[in-house]
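Have a look at the structure below before the remarks.
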Protein chains: 2
Amino acid sequence: MSNTRFTVAIHVLTLLAYCGPEALTSEFIAGSVNTNPVVIRRILSTLREAKLVASQAGPGGGWQLLRDPRKITLRDILAAVSGDPTFLLHSAPPNIECPVGRDIQAILARRFQSAQEAMERDLERTTIAQLISEVGGGSA
Amino acid sequence: MSNTRFTVAIHVLTLLAYCGPEALTSEFIAGSVNTNPVVIRRILSTLREAKLVASQAGPGGGWQLLRDPRKITLRDILAAVSGDPTFLLHSAPPNIECPVGRDIQAILARRFQSAQEAMERDLERTTIAQLISEVGGGSA
DNA sequence: AAATTCGCAACCATTATGGTTTCGGGAATC
DNA sequence: GATTCCCGAAACCATAATGGTTGCGAATTT
């Protein structure tokens with residue numbers, strides 16, 4: 001990773017759900033996230049590709065949730081915004097003359113996928129609705 | 001992440017274990033990984049900090065494993081080479097005037113840690129010794 | 001002394017990242 | 001229809017990370 005888009009995406013979706021059904025502008029959202037509206041629009045446009053939000057131009061426009069917050073998991077969000085997998089293989093292919101170099105990529109690909117799936121299964125346990133219930137000291 | 005150091009570290013340790021007790025030079029290792037010896041030394045020096053390997057200067061010198069390959073898990077290796085956590089929070093702190101902005105970081109920190117641990121528990125199931133047994137079609 | 005090997009610093013090109021500005025176009029309102 | 005609001009897209013920027021490379025010194029063996 002090494003980027004904050006997953007975090008910002010979760011923040012934005014939580015805010016959209018928290019603020020109810022009316023549309024929020026990218027400028028308002030940027031005020032909560034503390035960044036630039038264009039950064040918010042970039043991330044929201046990837047969430048729109050995943051059918052999680054919709055945008056509306058013009059006065060009174062902005063961004064709205066398209067899915068029940070109880071049905072949006074952190075895994076869904078990661079899938080929408082994540083480009084690269086968590087673990088990368090070699091930048092240049094290893095030496096196939098070496099027994100280790102020949103096989104290591106295929107072996108690691110399986111292990112990395114397994115670890116990635118373990119992580120995603122954990123993320124799947126959390127929904128946006130749950131996060132909202134914790135905002136404002138909800139669980140205290 | 002977005003780097004290949006974890007992969008290279010696993011590759012190097014597997015090679016060290018595979019080639020038996022004698023020391024391997026960074027140049028030889030670089031030949032298997034297909035990169036520059038300095039890149040190998042950089043990664044091995046972080047593994048040395050974790051007491052996984054030792055280096056020896058001079059002719060006949062090089063790098064040796066310090067731990068039984070059956071006792072080196074992928075989780076150990078990740079711990080040694082990983083700098084940043086898998087998931088990063090906001091680059092600038094959110095707006096604390098907003099109920100979501102005020103609490104989201106603490107809430108996400110818990111969720112991210114849980115996901116990270118799920119991933120690490122999975123990585124812990126694999127040892128260098130297991131990887132060696134799969135090299136050369138070991139499981140076929 | 002000579003050869004080998006690591007250690008470390010410096011440097012480089014490439015890429016990712018978050019941020020910013022600018023301009024155009026669609027949409028609601030007056 | 002004119003104005004205002006808001007998104008869309010492109011361009012640009014500074015910063016940082018990454019992998020790679022070179023150079024040289026120090027340690028070690030022969």
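The values are calculated or read from the model by the stated rules, or taken from the named source; none is laboratory data. Everything numeric in this text was worked out from a predicted model, so none of it was measured. Note that we place each Cβ from the backbone using ideal geometry, even for glycine, and neighbour counts take in every protein chain shown. Side chains are part of the model used for accessible areas, which takes the heavy atoms of the whole protein and leaves out ligands, DNA and RNA. Shrake-Rupley method; radii C 1.70, N 1.55, O 1.52, S 1.80 Å.
Would you mind stating whether A:Ile107 is β-branched (Val, Ile, Thr), touching a Lys or Arg at 6+ places or on another chain (Cβ under 7 Å), under 29 Å from B:Ser82 (Cα atoms) and free of Cβ contacts under 8 Å to residues at least 40 places away in the same chain? So A:Ile107 does not fit the description; no. Taking B:Gly61 as meeting all but one of (1) over 15 Å from B:Val12 (Cα atoms); (2) open to solvent by 70 Å² or more (accessible area, probe 1.4 Å), write down the number of the exception. With (1) over 15 Å from B:Val12 (Cα atoms); (2) open to solvent by 70 Å² or more (accessible area, probe 1.4 Å) applied to B:Gly61, the lone miss is (2). Residue pairs whose Cβ atoms lie under 8 Å apart, sitting 6 or more positions apart in sequence or on different chains, and linking a residue in segment A:1-13 that is more than 12 Å from A:Asp84 (Cβ to Cβ) and facing chain B (nearest Cβ under 7 Å) to a partner that is within 14 Å of DNA strand D (Cβ to nearest atom) and part of a helix (DSSP H, G or I), are A:Val8/A:Val33; A:Val8/A:Val39; A:Val8/A:Ile40; A:Val8/A:Ile43; A:His11/A:Ser32; A:His11/A:Val33. Residues that are more than 16 Å from A:Val100 (Cα to Cα), assigned to a loop (DSSP other than H, G, I, E, B) and of a type in the set (Gly, Ala, Ser) within segment B:4-56 comprise B:Ala23, B:Ala50, listed in sequence order. Annotation note: Cβ proximity below 8 Å between a residue of segment B:48-60 that is away from chain A (no Cβ under 14 Å) and within 12 Å of DNA strand D (Cβ to nearest atom) and a residue that is open to solvent by less than 80 Å² (accessible area, probe 1.4 Å) and not in a loop (DSSP other than H, G, I, E, B) (sequence gap 6+ or interchain) occurs for B:Ala54/B:Trp63; B:Ser55/B:Leu44; B:Ser55/B:Ser45; B:Ser55/B:Gly62; B:Ser55/B:Trp63; B:Gln56/B:Gly62; B:Gln56/B:Trp63.
Right, B:Ser26: touching a Cys at 6+ places or on another chain (Cβ under 6 Å) and open to solvent by less than 20 Å² (accessible area, probe 1.4 Å) or not? Answer is no for this residue. If you take the residues in segment B:14-47 that are more than 10 Å from DNA strand D (Cβ to nearest atom) and over 18 Å from B:Ile128 (Cα atoms), which one is farthest from the other protein chains (Cβ to nearest Cβ)? Only one residue tops the list, namely B:Ser45.
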